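The values are calculated or read from the model by the stated rules, or taken from the named source; none is laboratory data. No experiment lies behind these values; they were computed from the predicted model shown. Here the Cβ is made from the backbone with ideal geometry for all residues, glycine too, and neighbour counts use every protein chain on show. All accessible areas refer to the heavy atoms of the entire protein, side chains included, with ligands and DNA or RNA removed. Shrake-Rupley method; radii C 1.70, N 1.55, O 1.52, S 1.80 Å.
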Amino acid sequence: MDRTSYDSTWEEDEEDDSVEQECSTNNVKYSYMYSSAARDMQNYRHGYRYSDPSYHIDLKKMPNLCFYRNEMAFKPSGYHIEDFLNKGKDDYNMLEHNQNYIQWLFPLQEPGVNPHATPLHKKEIQEMKKDGRVTRNFLEAYKLMLGFYGLHLENEATGEVRRASNWEERYTNLNNHTHNNLRITRILKCLGELGFERFQAPLVQFFLEETLCRGQLKKVKRSVLDYFTFSIKDKRKRQGLVRFAWKHYEPQCEFVWGPIDLLRDDQVELNRHKTRNCDSREEHRGENHKEDETRPPEIKKENGQDDEKEHRNVKTSGCWTWGT
């Protein structure tokens, strides 16, 4: 078995990690770090610096940019982006069974199964991120796919999502067609490529809650843990999601997506911090109470008179009015 580690989530400095070195945290190994999923997600998070792309792109054409500008249809036999967005809203059957559109709708810096789709180029990414029409169409494409999965974008500023009204029907489709797990991984990666990184963590948090807390989407659960969570480029947010997953995963002793000893120590420290805060509040409350008891009688009387005068109300004809 290849024992090269690929997950750098728990390294102190992710920029210094290397796939050629076996890493550990608190002398604890966790099996996910050696997996092909960890290798794939780290390669993505690091801008594919461990890849040697065999494809080339004509920078004068930039097909992904042209597609999102509505200047060309996706291939083969596809639609222009704005026509596709209109059609897809009412045609979930097409979204489920058409395998040609997803790599055009959510392009990545890696080749996929559609030979007519061209991987993103870094220069193309820059052009797409600063084009207003592209970003508007991309946001609509994201909303379209959320709807297909039974979700709704609640807040465009934060990326918060919630269940849509048809969630039960769409969840059934998700459980029955597991190729959508690959699509969601692609969507998460693309969000991080095209300037919508803020949408990543809220979507992953939602899926963690649905699978681990509410017992939904049982056939999506493994992908949430193997791929979705580790698509998050922000290390602190990624660590937070792993901690959340560990807290709600059962049985915890079989959790393989992070170092259990570290996660357990973190939880113990968090509980201690909460206890200290509670004790501090109780102590502060006691001091205030003691302070009140030691006030001179004349001050207590004056305060009481002032309070009574300030808050005196008169009730007339069923309405409250301030007394004068």
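Numbers at a glance
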quantity	calculated
Condition check for Thr172: free of Cβ contacts under 8 Å to residues at least 12 places away in the same chain and in a helix (DSSP H, G or I)	yes
Unique match (being on the phi < 0 side of the Ramachandran plot and touching a Cys at 6+ places or on another chain (Cβ under 7 Å)) among Leu95, Leu108	Leu108
Subset of segment 112-125 that is in a helix (DSSP H, G or I) and not β-branched (Val, Ile, Thr) - its residue that is surrounded by the most Cβ atoms within 10 Å (Cβ to Cβ)	Glu124
All positions within segment 126-153 that are touching a residue at least 60 places away in the same chain (Cβ under 8 Å), surrounded by fewer than 20 Cβ atoms within 10 Å (Cβ to Cβ) and within 19 Å of Tyr44 (Cα to Cα)	Lys129
Residue tally, condition free of Cβ contacts under 8 Å to residues at least 60 places away in the same chain, open to solvent by 20 Å² or more (accessible area, probe 1.4 Å) and assigned to a helix (DSSP H, G or I), over segment 202-254	18
Residue list for segment 81-111, filter: assigned to a loop (DSSP other than H, G, I, E, B), open to solvent by less than 70 Å² (accessible area, probe 1.4 Å) and in contact (Cβ under 8 Å) with a residue 12 or more places away in the chain	Asn100, Tyr101, Phe106, Pro107, Leu108, Gln109, Glu110
Gln216 being more than 17 Å from the chain's Cα centre (by Cα), farther than 22 Å from Lys29 by Cβ and polar (S, T, N, Q)	yes
